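First comes the structure, then the notes that go with it.
The values are calculated or read from the model by the stated rules, or taken from the named source; none is laboratory data. In this text the structure is predicted, and so the values were computed from the model without any measurement. Glycine gets a Cβ as well: all are built from the backbone with ideal geometry, and neighbour counts include every protein chain shown. With ligands, DNA and RNA removed, areas are computed over all heavy atoms of the protein, side chains included. Shrake-Rupley method; radii C 1.70, N 1.55, O 1.52, S 1.80 Å.
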Amino acid sequence: MSIANTAHSVVEPSLNTRRLAGSLVVLYAVITMIPLVWIVLTSFKSPDDAISYPPKIVFTPSLEGYCNLFTTRSRQTPEFIRTLGPPQGLCDDIARSRNMVVAGPSNYVPRFVNSLIIAFGSTVLAVALGTLSAYGFSRFRVPLKDDLLFFILSTRMMPPIAVAIPIYLMYRTIGLSDTRLGMILLYTSVNVSLAVWLLKGFIDEIPREYEEAAMIDGYTRFQAFVKVVLPQATTGIAATAIFCLIFAWNEYAFAVLLTSGNAQTAPPFIPIIIGEGGQDWPAVAAGTTLFLVPIVVFTVLLRKHLLRGITFGAVRK
């Protein structure tokens with residue numbers, strides 16, 4: 001059968017089919033967005049509205065959750081509060097309305113900064129090492145290449161709890177427990193396997209003739225890699241960076257076991273935000289809402305390269 005006949009034999013979906021598919025996609029998107037919208041709404045509720053039953057959809061917005069997230073408070077008698085000067089800002093005013101005073105800043109900001117440093121640091125290292133390794137596996141004859149690639153992939157097959165105790169004992173011995181460097185190295189080692197496999201597929205799609213032409217023009221192998229391969233693999237690098245960042249940003253098990261103070265990240269800290277009488281749900285929701293922002297921003301900034309991935313590989317050898 002000729003190519004023309006094959007093209008004519010393709011049946012286009014009907015208008016009703018396209019409408020049904022579009023409706024299902026929109027419905028799925030709405031359903032998946034409901035938890036995120038609910039978290040954001042809860043962050044603007046008062047503690048009483050956050051635990052009310054039935055749940056309140058219409059409520060009076062409040063910044064108490066964000067104030068409780070960024071400050072620590074202590075209960076005082078009304079007589080003591082009256083001896084103080086005027087409230088020093090919105091959070092102090094909210095605290096005094098509940099017979100409390102702001103005692104100082106909370107630990108959320110340092111934990112958030114730890115998450116930024118550890119997640120982005122490990123992502124940069126994992127993508128850099130993964131790109132070099134993927135290029136080597138793609139372009140050179142590596143002995144036992146298939147076995148090595150499978151071994152690299154197999155490191156992702158073990159659940160974290162299977163290696164958590166040995167890693168904890170090793171880190172405690174060498175002094176990397178509760179350190180940013182230790183967490184960066186750990187997350188890098190976990191993400192390298194994913195980066196190698198993803199990037200090797202992208203680099204395989206780049207014709208070798210591009211590099212050969214560059215080297216004929218006088219480029220070294222490394223110069224050809226930097227000026228020819230890397231620009232062509234930008235889409236794959238961006239996609240890999242997002243996957244690596246999502247893992248490092250959301251990782252919980254290792255963070256709970258290996259950090260307690262200096263290098264503790266936001267995921268273990270957010271669930272233990274306690275208010276008077278129990279869990280401070282508006283503060284938890286506020287911390288979660290702010291925790292989503294860097295991932296959303298990072299993904300939006302790289303969306304151009306991700307969209308280019310749709311047509312990646314169209315030019316082949």
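Taking the alpha-carbon distance from LYS227 and a cut-off under 17 Å, which aspartates and glutamates remain once sequence neighbours fewer than 8 residues away in the same chain are dropped?
LYS227 reaches ASP204, GLU205, GLU209, GLU211, GLU212, ASP217.
Per the chain: cysteines with no other Cys C-beta under 4.7 angstrom?
For the chain, the answer is CYS244, because their Cβ atoms have no other cysteine Cβ under 4.7 Å.
Compute the long axis of helix 108-139 from its Cα atoms, compare it with the longest principal axis of the Cα atoms of the chain, and write down the angle in degrees, 0 to 90, nearest 10.
10
Give or take rounding to whole Å, what are the principal axis extents of the alpha carbon atoms in segment 197-275, in descending order?
Its Cα atoms span 67, 22, 18 Å along the three principal axes.
At q = 0.15, 0.19, 0.29, 0.31 Å⁻¹, what is the log10 ratio I(q)/I(0) for segment 130-177, with the Debye formula run over Cα points and no solvent?
The Cα Debye sum returns log10 ratios of -0.61, -0.75, -0.99, -1.06.
Trypsin sites (Lys or Arg not before Pro), restricted to segment 122-226: which are DSSP loop and have at most 16 other Cβ atoms within 10 Å?
Filter output for segment 122-226: ARG141, ARG156.
Using Cα-Cα distances under 8 Å and only pairs 6 or more residues apart, what relative contact order does segment 113-195 have, in percent?
For segment 113-195, the relative contact order is 62 percent.
For the pair ARG208 and ARG303, how long in nm is the line joining their label points, each one 7 Å along Cα→Cβ?
A separation of 3.9 nm, rounded to one decimal place.
Leaving out ligands and nucleic acids, note down the accessible area per residue over the chain with a 1.4 angstrom probe, in whole Å².
Accessible area per residue, the chain: 59 Å².
What share of all Cα pairs of the chain, in percent, falls into each consecutive 20 Å distance bin?
Using 20 Å bins, I get a P(r) of 23, 44, 26, 6, 0 for the chain.
Between LEU116 and TYR53, what's the calculated FRET efficiency when r is the beta-carbon distance and R0 is 35 Å? Round to 0.05.
Using R0 = 35 Å, I get an efficiency of 0.45.
Using alpha carbons only, what's the Rg to Rh ratio of segment 135-284 with Rh from Kirkwood?
1.12
In the neighborhood of PRO86, defined by Cβ-to-Cβ distances under 15 Å, what is the net charge if each Lys or Arg adds +1 and each Asp or Glu adds -1?
0
Testing the spin-label approximation: label points 7 Å from Cα along Cα→Cβ at THR179 and ARG98. State their distance in nm.
Between THR179 and ARG98, the label points sit 3.9 nm apart.
Of the heavy-atom accessible surface of the chain (probe 1.4 angstrom), what whole percent is carbon and sulfur?
Answer for the chain is 69 percent, counting heavy atoms of protein chains only.
Amide H to amide H, which residues 5 or more places from LYS45 or on other chains are under 5 Å from it, using H placed in the peptide plane?
Counting only residues 5 or more places away or on other chains, the set is SER62.
Tally Lys/Arg at +1 and Asp/Glu at -1 over every other residue whose Cβ is under 14 Å from the Cβ of LYS56; what's the total?
Its environment carries a net charge of -1.
With just the Cα atoms of segment 51-192, tell me how far they stretch along each of the three principal axes, in Å, largest first.
78, 42, 26
For the chain, what is the calculated [θ] at 222 nm in deg cm²/dmol (nearest 500), taking -39500 (n - 2.57) for each run of four or more DSSP H residues and dividing by its residue count?
Helix-only estimate at 222 nm: -20500 deg cm²/dmol.
Please give the FRET efficiency for ALA162 paired with ILE246, using the beta carbon to beta carbon distance and R0 = 30 Å, rounded to the nearest 0.05.
That pair, ALA162 with ILE246, gives E of 0.90.
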